[in-house]
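Before any comments, here is the structure.
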Amino acid sequence: MSTPAATFLDESGLQLFAHRGFSGRYPESTHASYAEAIDYAERTGIELGLECDVHFTADDHLVCLHDLTVDRTSDATGPLLDWTLADLRTVDFGSWFTADPTPQERAVTTLVELLDMIKDARDRGARINLNLETKHPTPRGLDIEERVAELLTERGWHTADSPVRMITFDPEALIKIGELLPELRRTFLVSDLSRVPDGELPDGVRIVGPDVTRLREDPGFVERAHRRGNEVHPWIVNTVEDVQFCRDLGVDGYTSDFPDVVMETLTGAPVG
């Protein structure tokens, strides 16, 4: 039987995405952050998207990290492309966020590991999907899209029923994804609404992901995008006030470091 929270999301059609995992409460992009987001979805019965950013290591693995360097979120320094995966396994990605982190809170997550976590969760009946962001600019350019397409195709997750959606700020990457994975849904992320002022998106793209602070400056954007038949999924919606603001605008999805805050604000009751 569905929980009230799951029923609410199903009936409303709203979509919820855990930004870099449950990153408001666990170190972002670590195994612990993604595991907790999956556990939250399983406890509540809701459909939850995980969000990740991917970059190459020195030895050609894709890892889930936002930055081009390891400086901000680890006890090490330097460009990510200078680190092999084996060396990254020795780096602590948790202590910047929490005292005495667990091994899972210190551990970098590869894209392959995250895809496996999602498959295992879905095999258990959890309603987990993925917003996979390819980051640009990067020294490897559109190699990232090529590798992601290979990994998804190997898993059979390249068709229209795939649990993966591709997201990016880069127009060239958006085109490349459409060529490589034409059946997958794509989201055009924007930090500046002047890139899509009237809500019209590139051909074949039907979702726009604006910065919520830009929506506060131009709340009419949501209506303009809807008139074009496009969905609006703002980021990063972390506070009760931001959730209420977006709800009142009629957005279609929420990306948040605190998916529990979003759910509790929308339903008016504790969730999970």
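The values are calculated or read from the model by the stated rules, or taken from the named source; none is laboratory data. Values in this document were obtained by computation on a predicted structure and should not be read as measured data. As a convention, Cβ positions derive from the backbone with ideal geometry for all residues, glycine included, and neighbour counts pool all protein chains shown. Just so you know, the surface numbers come from the protein's heavy atoms only, side chains and all, with ligands and any DNA or RNA stripped out. Shrake-Rupley method; radii C 1.70, N 1.55, O 1.52, S 1.80 Å.
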Exercise. Out of residues 5 or more away from Glu231 or on other chains, whose amide H comes under 5 Å of its own, with H placed 1.01 Å from N in the peptide plane?
Worked result: Ile207, Val208
Exercise. Taking all protein chains as present, what is the carbon and sulfur share of the accessible area of region 110-240, in % to the nearest whole number, probe 1.4 Å?
Worked result: 48
Exercise. Summing +1 for each Lys or Arg and -1 for each Asp or Glu, what net charge is found among the other residues whose Cβ lies under 14 Å from the Cβ of His66?
Worked result: -4
Problem set entry | Sparsely packed chymotrypsin sites (Phe, Trp or Tyr not before Pro) within region 192-272, loop by DSSP, other Cβ within 10 Å at most 12 | none
Exercise. Roughly how many Å² is the accessible area per residue of region 1-145, as a whole number, for a 1.4 Å probe?
Worked result: 41
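Per Stokes-Einstein, at 10 °C and 1.306 mPa s, what whole-number D in µm² s⁻¹ belongs to region 97-243, with the Kirkwood radius over Cα pairs as the hydrodynamic radius?
Working: Rh = 17.0 Å.
So the translational diffusion coefficient is about 94 µm²/s.
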Problem set entry | trypsin sites (Lys or Arg not before Pro) within region 50-150: DSSP coil, no more than 13 neighbouring Cβ in 10 Å | Arg72, Arg89, Arg124
Problem set entry | Whole-number D in µm² s⁻¹ for region 196-272, Kirkwood Cα-pair radius fed into Stokes-Einstein, 25 °C, 0.890 mPa s | 193
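By its C-alpha gyration tensor, with a ≥ b ≥ c as the square roots of the eigenvalues, how is region 17-169 shaped: rounded for a/c under 1.5, else prolate for a/b larger than b/c, else oblate?
Working: a/c = 1.94, a/b = 1.13, b/c = 1.72.
Since a/c reaches 1.5 but b/c is at least a/b, the shape of region 17-169 is classed as oblate.
Quote the charge dipole size of region 55-209 about the Cα centre in Debye, to the nearest 20; the model charges only the Cβ of Lys and Arg (+1) and of Asp and Glu (-1).
520
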Exercise. Taking the Cα centre of each part, how many Å lie between region 12-37 and region 207-255?
Worked result: 19
For this session: Let me see the pair-distance distribution of the chain: every alpha carbon pair, 5 Å bin width, integer percents in order.
Result: 1, 6, 13, 17, 19, 18, 14, 8, 3, 1, 0
Exercise. Over all distinct Cα pairs, what is the inverse of the mean 1/r for region 86-165, reported as the Kirkwood hydrodynamic radius in Å?
Worked result: 14.8
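Taking Cα pairs under 8 Å and at least six residues apart, what relative contact order does the chain come out at, in percent?
Over the chain, the number comes to 18 percent.
Suppose a student asked you for the relative contact order of region 151-272, using Cα pairs under 8 Å spaced at least 6 residues apart; what percent would you report?
16
Taking a quarter of the surface of the Cα convex hull of region 1-100, what do you get in nm²? Display every interim value, and only then the final one.
On the way: hull surface 29.3 nm².
Average projection, Cα convex hull of region 1-100: 7.3 nm².
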Problem set entry | Accessible solvent surface per residue of region 171-229, calculated while the other protein chains remain in place, 1.4 angstrom probe, Å² | 51
Exercise. Whats the longest run of the chain with zero GluC sites (Glu not before Pro) that are DSSP loop and have at most 15 other Cβ atoms within 10 Å?
Worked result: 1-182
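Would you mind working out the magnitude of the charge dipole of region 181-272 relative to its Cα centre, with +1 at each Lys and Arg C-beta and -1 at each Asp and Glu C-beta, to the nearest 20 Debye? Write down the numbers at each step before the final one.
Values: 10 positive and 17 negative charges, 57 e Å.
For this selection, approximately 280 debye.
By its C-alpha gyration tensor, with a ≥ b ≥ c as the square roots of the eigenvalues, how is region 57-126 shaped: rounded for a/c under 1.5, else prolate for a/b larger than b/c, else oblate?
Values: a/c = 2.51, a/b = 1.40, b/c = 1.80.
Verdict is oblate for region 57-126.
Counting other Cβ atoms within 10 Å, keep those with at most 15, restrict to DSSP loop, and tell me which chymotrypsin sites (Phe, Trp or Tyr not before Pro) in region 17-123 are left. Spell out each step's value before the answer.
On the way: sites: Phe17, Phe22, Tyr34, Tyr40, Phe56, Trp83, Phe93, Trp96, Phe97; in loops: Phe22, Trp83, Phe93, Trp96, Phe97.
Sparse-neighbourhood loop chymotrypsin sites (Phe, Trp or Tyr not before Pro): Trp96.
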Seminar exercise, completed: Simple spin-label estimate for Asp218/Leu85, 7 Å along Cα→Cβ, in nm, reads 4.1
